[in-house]
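Visitor: Below you'll find the structure I mean.
Each reported figure results from applying straightforward, stated rules to the coordinates on display, with no laboratory input. Model, not experiment: these values are computed from the prediction. Note that we place each Cβ from the backbone using ideal geometry, even for glycine, and neighbour counts take in every protein chain shown.
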Amino acid sequence: MLETLKTLRLEAEDAVLFVTIDAAPMNLIGPELIADLVQLIEVLDAGSPYRVAVFKSADRDFFIPHVDVTKVKEYRQEAAKLTGEASIGLLFRRLSETKAVTIAQIEGRTRGAGSEFALACDMRFAALETAIFSQFEAAFGLTPGGGGVQHLVRLLGRGRALEVMLTANDYTAELAAAYGWINRALPAAELANFVSGIAHRIASFPTDGLLSVKARVNEVALAPVEAFRHDSDLFGEGVAHPETQRRMRAAFAAGFQTREPEMDLASLIGGLSAPTSD
Amino acid sequence: MLETLKTLRLEAEDAVLFVTIDAAPMNLIGPELIADLVQLIEVLDAGSPYRVAVFKSADRDFFIPHVDVTKVKEYRQEAAKLTGEASIGLLFRRLSETKAVTIAQIEGRTRGAGSEFALACDMRFAALETAIFSQFEAAFGLTPGGGGVQHLVRLLGRGRALEVMLTANDYTAELAAAYGWINRALPAAELANFVSGIAHRIASFPTDGLLSVKARVNEVALAPVEAFRHDSDLFGEGVAHPETQRRMRAAFAAGFQTREPEMDLASLIGGLSAPTSD
Amino acid sequence: MLETLKTLRLEAEDAVLFVTIDAAPMNLIGPELIADLVQLIEVLDAGSPYRVAVFKSADRDFFIPHVDVTKVKEYRQEAAKLTGEASIGLLFRRLSETKAVTIAQIEGRTRGAGSEFALACDMRFAALETAIFSQFEAAFGLTPGGGGVQHLVRLLGRGRALEVMLTANDYTAELAAAYGWINRALPAAELANFVSGIAHRIASFPTDGLLSVKARVNEVALAPVEAFRHDSDLFGEGVAHPETQRRMRAAFAAGFQTREPEMDLASLIGGLSAPTSD
């Protein structure tokens with residue numbers, strides 16, 4: 001059924017599936033991308049023939065920038081088709097439990113739910129010179145709803161998780177690696193080869209051991225469903241708040257969800273506090 | 001009521017409150033400083049008008065060196081006025097839950113309960129060249145009682161938390177950052193501007209989101225009241241032990257709680273094992 | 001009774017016990033080494049006279065390479081003599097709770113149960129130029145059974161723990177330190193002096209405080225017995241699986257458990273997927 005995918009391009013090499021996110025113009029998360037992820041997860045959940053899935057982006061500037069905030073209801077409904085709940089947090093948590101080992105190969109900007117998607121993968125490797133990370137929901141008065149809170153606090157610890165989420169700043173790959181947000185930052189020229197190498201290495205090992213290790217790690221480190229659901233609800237309720245709506249309008253007036261302004265989103269969202277003249 | 005503070009100097013810039021710890025001669029924690037913290041926390045708990053509080057020191061050599069061990073009972077009684085329990089651990093935990101985002105800006109020595117105060121803040125940034133960290137209670141036969149165990153084990157992991165507390169050594173800002181004790185070490189010349197910048201950035205975001213993120217992070221990463229209370233009790237009971245008392249006398253004979261010897265406290269406490277001739 | 005040890009050489013300096021692992025030809029874990037560890041732990045459990053135990057290797061290339069996979073039943077039976085359960089995971093967990101502070105001083109290869117032994121120690125310091133770390137069980141379709149899962153996920157976080165265990169790769173001391181697998185990587189020429197220095201420093205402090213800090217840290221960071229038992233059972237059951245047995249035969253044909261091929265074990269186990277001609 002994967003022939004019907006619109007936003008994901010697939011390329012299989014033995015038991016490794018390379019998945020290129022290609023949701024032009026800039027890989028915002030909308031209902032089509034989520035619908036495709038749902039289909040893909042169903043395939044990965046079946047286990048064989050793919051032991052490893054590598055996610056990368058067709059857009060060199062953006063891995064996934066964040067959700068399309070004009071389509072929250074629509075993409076949530078697509079997520080519900082797999083999990084029964086209208087929440088990408090629970091969908092991403094399902095990805096963390098899928099039978100394939102998942103690796104995010106990140107060259108560009110990875111913010112908001114993009115960061116949360118990467119955090120849901122089993123590993124994250126990023127281009128030292130170009131990758132950018134941000135968990136910026138607090139700039140709009142929101143709590144990250146796709147699992148960012150749960151993963152970041154466990155990976156980074158209380159102080160750095162609070163810094164990352166409360167400043168809503170952009171983080172370089174180097175700092176993201178120092179903080180534990182990603183596994184490692186590698187020179188952009190080496191990244192694809194490195195990821196392909198470990199993907200094929202992992203795929204050469206017996207499935208039973210891979211699944212068992214992943215299950216044992218998840219039992220300790222993957223937050224419970226209730227925690228994901230709580231965060232998801234907080235995000236969903238927060239979106240409707242007047243101040244959040246006002247800041248979103250101001251952000252759109254400043255170019256939110258368009259390519260050039262999103263290159264430096266940290267600056268854009270740093271200027272939303274005063275009412276704007278839009 | 002903050003006009004009556006004796007050991008904290010306040011300066012407000014919009015929704016950011018800069019709090020300078022100024023408890024001469026060297027910022028030891030005594031009943032006056034705790035009484036002032038109690039007042040301050042009551043103001044921060046009220047939320048508005050301060051979304052962010054930045055703590056720094058008037059003393060360039062000492063952020064907070066540790067408690068005044070001659071006044072344990074007195075400062076504990078001051079803490080009880082807020083929490084109902086004679087424990088600075090529970091007071092510091094209360095600070096971790098206050099409605100302002102708290103940032104420690106650290107230029108000097110930060111040891112014992114000073115480290116625990118910094119750990120209770122939401123973030124810690126330190127001067128690369130001059131800041132020093134130590135959790136040295138074990139050198140006196142004591143368990144850190146102000147939350148140090150709970151925070152360090154979660155931030156640093158088992159091995160490094162044990163190293164830090166069992167060696168009772170001094171740690172540079174660089175090593176403290178590598179271990180996760182602090183968020184980041186920055187050149188001293190840049191520190192104040194950096195902290196002010198993120199403080200004002202955070203303060204420009206809606207209060208609801210800040211509080212919600214903080215609450216969700218605390219739910220995972222802030223140890224329960226019982227754990228703080230247990231550590232606090234261990235410290236309180238330990239202070240009375242004969243060997244702890246003997247080591248404190250030896251330490252005082254070597255200049256404990258005076259300025260010059262405290263510059264290199266790690267050496268001082270490394271020499272307490274043999275009975276001294278005081 | 002420690003006069004009867006066959007694989008551990010002891011040297012006491014005041015309250016510090018230096019333990020040199022000397023199980024020629026290459027320090028594989030077998031029944032003799034486990035029997036000796038059982039005896040040693042019984043002595044350390046008694047507390048005095050040893051407040052600190054430092055573990056190092058007589059073999060400059062190998063700290064502990066891993067278990068002797070031909071003697072799983074035998075070494076497990078030796079472990080049961082202390083804990084009542086045939087599991088080195090539970091034995092290592094017991095070591096983590098012993099009354100001495102334990103430090104691993106690592107100069108060579110430390111893989112599989114060798115990594116798990118090091119992780120069971122309270123601290124780990126390694127030679128920057130020569131130490132190598134690997135948790136490679138998944139290459140044979142196995143789950144690490146000696147506590148590696150429990151420690152690595154807590155120290156490294158979900159992403160890096162999965163990377164380490166699923167790639168089954170070799171990690172340098174520098175990367176192991178960056179990931180939190182070890183406390184610190186130090187130049188080989190400084191390592192012994194550094195470890196001896198902190199060992200004697202810790203040993204100069206009162207026993208009560210050391211034990212109390214260790215107990216409080218373990219309460220948070222040492223996984224429960226049930227988790228260790230579960231992992232141990234998974235390993236024990238997995239060893240009998242046909243594909244695991246096939247890979248072990250292929251590994252032995254390629255020199256597994258002999259000195260030269262084990263110098264680059266990561267390459268050896270990377271080539272086991274295709275049936276070999278042994």
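Visitor: What's the tally of Lys pairs in chain C whose alpha-carbon atoms lie under 18 angstrom apart, where the two lysines are 8 or more places apart or on different chains? Before the final figure, lay out each step's value.
Guide: Numbers: C:Lys6/C:Lys56; C:Lys6/C:Lys71; C:Lys6/C:Lys81; C:Lys71/C:Lys81; C:Lys73/C:Lys81; C:Lys99/C:Lys214.
So the count of such lysine pairs works out to 6.
Visitor: Placing the label point 7 Å from Cα along the Cα-to-Cβ direction, what are the distances from B:Ala188 to the equivalent spots in the other copies, shortest first, in nm to one decimal?
Guide: 3.8, 3.8
Visitor: Report the net charge of residues surrounding C:Ser232, where surrounding means a beta-carbon distance below 11 angstrom and charges are Lys +1, Arg +1, Asp -1, Glu -1. Show your work: numbers first, answer last.
Guide: Values: positive: C:Arg76, C:Arg93, C:Arg229; negative: C:Glu85, C:Glu116, C:Glu226, C:Asp231, C:Asp233, C:Glu237.
Result for the local shell: -3.
Visitor: How far is the Cα center of the stretch C:165-240 from the Cα center of the stretch A:223-278, in Å?
Guide: Rounded to whole Å, the Cα centres lie 42 Å apart.
Visitor: For peptide C:215-223, what's the mean number of Cβ atoms from other chains within 10 Å of each residue's Cβ?
Guide: That works out to 6 on average.
Visitor: Suppose we take every Cα in the stretch C:164-278 and form the convex hull; what volume per residue is that in Å³?
Guide: 161 Å³
Visitor: Further question on the same structure: By how many degrees, between 0 and 90 and to the nearest 10, does the Cα long axis of helix C:72-83 differ from the longest principal axis of chain C?
Guide: With rounding to tens, the tilt is 20 degrees.
Visitor: To continue, here is another question. Based on Cβ point charges of +1 for Lys and Arg and -1 for Asp and Glu, what charge dipole magnitude is obtained for the protein assembly as shown about its Cα centre, in debye rounded to the nearest 20?
Guide: My answer is approximately 600 debye.
Visitor: What is the helix-to-structure angle for B:188-203, meaning the angle in degrees between its Cα long axis and the longest Cα principal axis of chain B, kept from 0 to 90 and rounded to the nearest 10?
Guide: Compared with the principal axis, the helix lies near 50 degrees.
Visitor: Taking the Cα atoms of the protein assembly as shown, report the difference between the largest and smallest coordinate on each principal axis, in whole Å and largest first.
Guide: So the extents along the principal axes, rounded to whole Å, are 84, 77, 40.
Visitor: Moving to a separate point now. Putting +1 on Lys and Arg Cβ atoms and -1 on Asp and Glu Cβ atoms, find which of A:Gly209, A:Leu175, B:Phe205 reaches farthest to the positive end of the dipole of the protein assembly as shown.
Guide: A:Gly209
Visitor: Can I ask one more? Net charge near C:Gln77, counting Lys/Arg +1 and Asp/Glu -1 over other residues with Cβ under 13 Å of its Cβ?
Guide: Around C:Gln77, the surrounding residues sum to 0.
Visitor: Right, something else. To test your reading of the geometry: what angle, between 0 and 90 degrees and rounded to tens, separates the Cα axis of helix C:242-253 from the longest principal axis of chain C?
Guide: Once rounded, the angle reads 80 degrees.
Visitor: Counting each DSSP H run of 4 or more residues in the protein assembly as shown as -39500 (n - 2.57), what helix-only mean residue ellipticity at 222 nm follows after dividing by all residues, to the nearest 500 deg cm²/dmol?
Guide: -15500 deg cm²/dmol
Visitor: Still on this structure, I have one more. Considering only DSSP beta bridges with both partners in the stretch A:2-269, what is the antiparallel share in %, to the nearest 5?
Guide: 25 percent
Visitor: Shifting gears a bit: Treating only the Cβ atoms of Lys and Arg (+1) and Asp and Glu (-1) as charged, compute the dipole magnitude of the stretch A:2-269 about its Cα centre; round to the nearest 20 debye.
Guide: Roughly 380 debye, rounded to the nearest 20.
Visitor: Same structure again: With springs only between Cα atoms under 10 Å, which of B:Ala253, B:Ala176, B:Ala131 fluctuates most in a Gaussian network model of chain B?
Guide: Highest fluctuation of the listed residues: B:Ala253.
Visitor: Across peptide C:135-145, what mean number of C-beta atoms from other chains lies inside 10 Å of a residue's C-beta?
Guide: Averaged over the peptide's residues, the number is 5.
Visitor: Please compute, over every Cα-Cα pair in the stretch A:2-269, the percentage with a separation greater than 23 angstrom. Show your work: numbers first, answer last.
Guide: Details: 17186 of 35778 pairs.
Cα-Cα pairs in the stretch A:2-269 separated by more than 23 Å: 48 percent.
Visitor: Local charge sum around C:Gly159 (other residues, Cβ-Cβ under 12 Å, Lys/Arg +1, Asp/Glu -1)?
Guide: Overall, the nearby charge balance is +4.
Visitor: Another question, if that's okay. Other chains' Cβ within 10 Å of A:6-18 residues: what's the mean?
Guide: 0
Visitor: Here's another thing I want to ask about it. Considering only A:Phe194, B:Leu17, B:Phe133, whose Cα is most displaced toward the positive end of the charge dipole of the protein assembly as shown, charges sitting on Cβ of Lys, Arg (+1) and Asp, Glu (-1)?
Guide: B:Leu17
Visitor: Could you give the size of the charge dipole of the stretch B:143-278 about its Cα centre, using +1 on the Cβ of each K and R and -1 on the Cβ of each D and E, expressed in debye and rounded to the nearest 20?
Guide: It comes to approximately 300 debye.
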